[in-house]
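Report on one structure; see the data block that follows.
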Amino acid sequence: MKKKFRKVVAVISATVMVLAMGVVSVNASDIQPRAMLCPNCGSAMTNVREVFQTRVIEVKCTHGYLHGTDSLTQRKYQDTPTCPTCHLRGNPSYTGFITVSTKCGGYN
């Protein structure tokens, strides 16, 4: 009785596995990203990065020196979707900081 039950469960499991392989699935690699379309002309909009603030900050030396500081130059930027055809500008989509240079002022 126990062996017969195991065989039935194995056959049912195998059938479910075979049927499940036939189901079409959507993988992340199958999905193509689409650009936002311009409401005026229908062209694909691109992100334009604009820098609107630059600042220099001092941090403890990250190059292994015991004393002194490093000067980091950071730029605050904003990405704005813009139509390359009719130059329509959308709302800013992202704002962040990017470090553009480091000057080491550390010493032992």
Item to check | Assigned charges on the beta-carbon of Lys, Arg, Asp, Glu; the chain dipole about Cα centre (debye) | outcome: 920 debye
Checklist outcome for this item: 1/(1 + (r/R0)^6) with r = Cβ-Cβ of residue 94 and residue 74, R0 = 22 Å, i.e. FRET efficiency to nearest 0.05, evaluates to 0.90
Next on the checklist: Given a 1.4 Å probe and heavy atoms of the protein chains only, how would you sort 69, 80, largest accessible area at the top?
Outcome noted: 69, 80
Next on the checklist: How large a share of the accessible area of the stretch 40-89, in percent, is made up of carbon and sulfur atoms when the probe is 1.4 Å and the other protein chains stay in place?
Outcome noted: 49 percent
Item to check | Accessible area per residue in Å² at 1.4 Å probe, computed on the chain | outcome: 81 Å²
Next on the checklist: If the reach is capped at under 30 angstrom between alpha carbons, list the lysines near residue 60, excluding any in the same chain fewer than eight residues apart.
Outcome noted: 76, 103
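The values are calculated or read from the model by the stated rules, or taken from the named source; none is laboratory data. Since the model is a prediction, treat every value here as computed from it, not as a measurement. With ideal geometry, Cβ positions are generated from the backbone for all residues, glycine too; neighbour counts draw on all protein chains shown. Accessible surface areas use protein heavy atoms only, side chains included; no ligands, DNA or RNA. Shrake-Rupley method; radii C 1.70, N 1.55, O 1.52, S 1.80 Å.
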